[in-house]
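Take a look at the structure set out below.
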Amino acid sequence: MTIQDSFVLAWRTVKSNKLRTGITVAIIAFGIMALIGIITAISAMNQSLKENFSFMGANAFSVRYKELNARMGGGGGNNGDEFAKSKKGLKEKKSNLDKPIKIEEAAYFKEHYGFNRAIVSISRRSGGNNELHYKDKKTNPQITLMGGDENYLAVNGYSLTTGRNLNNVDIESGRSVCLIGSNVAAKLFPSKPETSIDKVILLQGKPYRVIGLLKSKGSSAMMRQDDVVITSIKNVRQYTNSNPSYAIGVMVNNVAELEPAIGESTEQMRKARRLIPTEADNFVIDKSDKFADMFIGFLAGISGAAGAIGMITLIGAAIGLMNIMLVAVSERTREVGLIKALGGKKKDVRRQFLFESVCISILGAVFGIILGVAVGNVFSLVLHTGFVIPWMWVIIGIVICSVVGLAAGIYPAMKAASLNPINALRYE
């Protein structure tokens, strides 16, 4: 009997036992679906995190007085956790600990930082729970108010759809003008957001004239970068919920210049903060993709949990598949005896039963992968990312199911091959 003959017989047997095969395939498929589905969803979340947490470009970084506290749904918050540990050999001056960056220090940095035509921006955050009004329309109370300068848009990756940017007169006078995000415009001017220019909106009861409409950055469940209002850093001082510290953003010409630019920014910031050589830095420098990497690291743990769930399900499926194959040996004892009586060898019988087990397992893998990718990509729709197929895990899933099929079929195949042909033919 050839390998092809063994495979054909095995496939006919699989097709003839539709209910039994279907139940076993479903068990395996659900295990693979759990594994591939979670991995696909995590891949979509990784992609969304990379896109949304890079609210500054890849060639930009920020200088803050504390570690940035990444807010899911906020926009560029400046609050944070404690400082990283001080460099070895440096001492911390108590008066400098937890010391916000003053406007004078930020202005000194902007004036003296001269790294190869880098762009420097000063900003200040004033809460993320604002509600805006225009006539009878209002936004959800989730709008972030930011105070910035003329370089804020460029450094933070924003661009204008229509209108103009903040100019020196706006910044120096602190007059009540603002730029609004696309989500804000869509809420207050639903029919035609472009008409928002020169309209007066209310922010915490104070009137602001809209001078610019920002192009959408693709808000998602991870970040709401389009739920933002930007005014001048001087104007934002009037709000009591403003962050006590100013933040500094720096954008260099290309990624290759990032590290030397960070080195020079450290030197200038130490001068602005008047630190002596023996004192540790009382500020931190964050790259734009730092927090995407941090959250992706958290998601890696979820990937491990997904793998554990999938493997537990597959172990159960392997036990069920082995049980079904053992039942099949008992039901087809006469068939085995007939194969041996016609000249079939032990290896032919073993091969047929192994092929059956592997076929059922591979069918489960195929259906599980299709379902898993479909379920996982629901997250892609929610997060507005592209269609994701985790090819590596698809291959791993097929390999795992093949191993499961072999492992579950070995004992039943050996048991069938060891049957005495005479006794098998007499079996009722």
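What follows draws every value from the coordinates through simple rules; no lab data is involved. What you see is a predicted model, and the numbers here were worked out from it, not measured in a lab. Glycine also receives a Cβ, built like all others from the backbone with ideal geometry; neighbour counts cover every protein chain displayed.
Label-to-label distance for LYS347 and ALA186 is 6.6 nm, based on points extended 7 Å past Cα in the beta-carbon direction.
Using a ≥ b ≥ c from the Cα gyration tensor of region 169-222 (square roots of the eigenvalues), is it rounded, prolate or oblate, where a/c under 1.5 gives rounded and otherwise the larger of a/b and b/c decides, a/b for prolate? It comes out prolate by the Cα gyration axes.
Please give me, ordered by residue number, the trypsin sites (Lys or Arg not before Pro) of region 119-218 that lie in loop per DSSP and have at most 12 other Cβ atoms within 10 Å. For trypsin sites (Lys or Arg not before Pro) across region 119-218 that sit outside H, G, I, E and B with at most 12 neighbouring Cβ atoms in 10 Å, the list reads LYS135, ARG164. Here the Karplus relation 6.51 cos²θ - 1.76 cosθ + 1.60, evaluated at θ = phi - 60°, turns the backbone of region 234-244 into coupling constants of 6, 5, 6, 5, 5, 8, 5, 8, 5, 4, x Hz, with x for every Gly and Pro.
Taking amide H as placed 1.01 Å from N in the peptide plane, TYR65 has its amide H under 5 Å from the amide H of ILE101, VAL284, each at least 5 places away in sequence or on another chain.
Can you give the local net charge around SER242? Use residues other than it whose beta-carbon is closer than 11 angstrom to its beta-carbon, Lys and Arg +1, Asp and Glu -1. So the surrounding residues net to +3. Couplings 3J(HN,Hα) of region 276-286, computed from phi: 8, x, 7, 9, 6, 4, 10, 8, 10, 10, 10 Hz, in residue order, whole Hz [Karplus 6.51 cos²θ - 1.76 cosθ + 1.60, θ = phi - 60°; x for Gly and Pro]. Under a 5 Å amide H cut-off, with hydrogens placed 1.01 Å from N, SER232 pairs with GLY148, VAL177 among residues at least 5 apart or on other chains.
Tell me, LYS192, LYS66, LYS345 in order of fewest to most beta-carbon neighbours within 10 Å?
LYS192, LYS345, LYS66
Which part of region 171-201 falls in the paramagnetic zone of ARG237, meaning amide N under 11 Å from the point 7 Å along Cα-to-beta-carbon? Zone members listed by number: 172-174. Going by a ≥ b ≥ c, the root eigenvalues of the Cα gyration tensor, does region 150-288 fall in the rounded group (a/c under 1.5), the prolate group (a/b larger than b/c) or the oblate group? Cα axes put region 150-288 in the prolate bin.
Taking each residue as 0.36 nm, the span from GLU194 to ARG274 lengthens on full extension beyond its C-alpha to C-alpha distance by 24.2 nm.
One decimal place: the segment ILE315-VAL255 gains 16.9 nm when fully extended, by the rule 0.36 nm per residue minus the C-alpha distance.
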